[in-house]
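The values are calculated or read from the model by the stated rules, or taken from the named source; none is laboratory data. Note that this is a predicted model, so its numbers are computed, not measured. Glycine gets a Cβ as well: all are built from the backbone with ideal geometry, and neighbour counts include every protein chain shown. The protein model used for the area step is the full one, side chains on, heavy atoms only, and it has no ligands, DNA or RNA in it. Shrake-Rupley method; radii C 1.70, N 1.55, O 1.52, S 1.80 Å.
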Amino acid sequence: MPISIEKTFAEFFPDENIRPFAYLLMQKLQEGHICVAIEENEVKTPVGIASPDVLKKVNKTMLSENNEPAPFVLSNGLLYLQRYYRYETDIIEILRNRISSAKKNEKQYAEKLIAQRDFIQEFLSANNKTESLSTDEKIDWQLIGVLRSLMNDFSIITGGPGTGKTTTLAKFLRLLYTIDDSCKVAIAAPTGKASMRMMESLLQRAQTEKFPESVINKIQALKPHTLHRLLGYIPNSIYFKHHADNPLPRSEEHTSELQSRVDISY
């Protein structure tokens, strides 16, 4: 009979009241999630019943609701392991700081883009035949995505297959290199296959859109990485060479006009 990882994990804890929640949480972790929602209804597990009433009986040394040290954290109806809760809250704080930092430099970024107005209108317009389009249809959302990304220190470009993510990214790189041809760009994806596919798509798009040879050469020179390799994974550990105190290297001069380093991941 196969060993149940969820059951083994749950039974590790001496407090029987936390076990059903530990079981459900491990299930979620196996599925790629970092927390489990506490249901109003009872949920039966092999190690007991999970319900809000049972959760109230958990020893306070096991469960924290106010950032006190404990193996489990309950926040906004979601149960986490302490480690993953810290990961999530740390990332949120970093993103908030980046967004706040970008707002302080928004005027400077805007001035750099306004200086490239003619270039933007001539080379980055997605649709030149707009006579038959409605006002809403005339909006070049790809271009807006490019400009907003260049004005922010953190951006997410998302969408299903064929919605133009790669085209938007290619346009982003073209404008970025036009504004600052010394910037450092890192291309990364979760797997090596995905990173290679991304590079192939970017290069194909740059050639199809007839980018200048200088820009195509810069894109061609980019080296795709896995996220683990980019960050310098240290084997047999949970650590990386690059972290908050040792970030990825920026441009040689550390004085890029817009962004000294752009990290792109799929």
- Looking only at region 209-266, and only at residues there that are modelled with pLDDT of 55 or more, outside any loop (DSSP other than H, G, I, E, B) and touching a Ser or Thr at 6+ places or on another chain (Cβ under 8 Å), the one that is nearest to residue 175 (Cα to Cα): 215
- Task: Could you tell me whether residue 61 is open to solvent by 60 Å² or more (accessible area, probe 1.4 Å) and of a type in the set (Ser, Thr, Tyr)?
- Result: yes
- Query: Within the set of pairs 6+ apart or on separate chains, which have a first residue in region 98-113 that is more than 15 Å from residue 175 (Cβ to Cβ), a second that is among the hydroxyl-bearing types (Ser, Thr, Tyr) and in a helix (DSSP H, G or I), and C-beta atoms under 6 Å apart?
  - Reply: none
- Hey, can you tell me all the residues within region 38-59 that are more than 33 Å from the chain's Cα centre (by Cα) and part of a helix (DSSP H, G or I)? 53, 54
- Does any residue in region 176-196 that is in contact (Cβ under 8 Å) with a residue 40 or more places away in the chain and over 11 Å from residue 218 (Cα atoms) come within less than 6 Å, Cβ to Cβ, of a residue that is open to solvent by 20 Å² or more (accessible area, probe 1.4 Å) and of a type in the set (Asp, Glu) six or more places away or on a different chain, and which pairs are these? 180/257; 186/263
- If you check residue 166 against the conditions, is it open to solvent by 30 Å² or more (accessible area, probe 1.4 Å), free of Cβ contacts under 8 Å to residues at least 40 places away in the same chain and not in a loop (DSSP other than H, G, I, E, B)? yes
- For residue 177, are the conditions met, namely being surrounded by 12 or more Cβ atoms within 10 Å (Cβ to Cβ), of a type outside the set (A, V, I, L, M, F, W, C), modelled with pLDDT under 80 and assigned to a helix (DSSP H, G or I)? no
- Would you point out the residue of region 144-155, among those that are in a helix (DSSP H, G or I) and touching a Ser or Thr at 6+ places or on another chain (Cβ under 7 Å), that is surrounded by the most Cβ atoms within 10 Å (Cβ to Cβ)? 146
- Scan region 16-37 for residues that are aliphatic (A, V, I, L, M), under 28 Å from the mean Cα position of the chain (by Cα) and either buried (at least 17 other Cβ atoms within 10 Å of the Cβ) or part of a helix (DSSP H, G or I) (or both) and report the count. 6
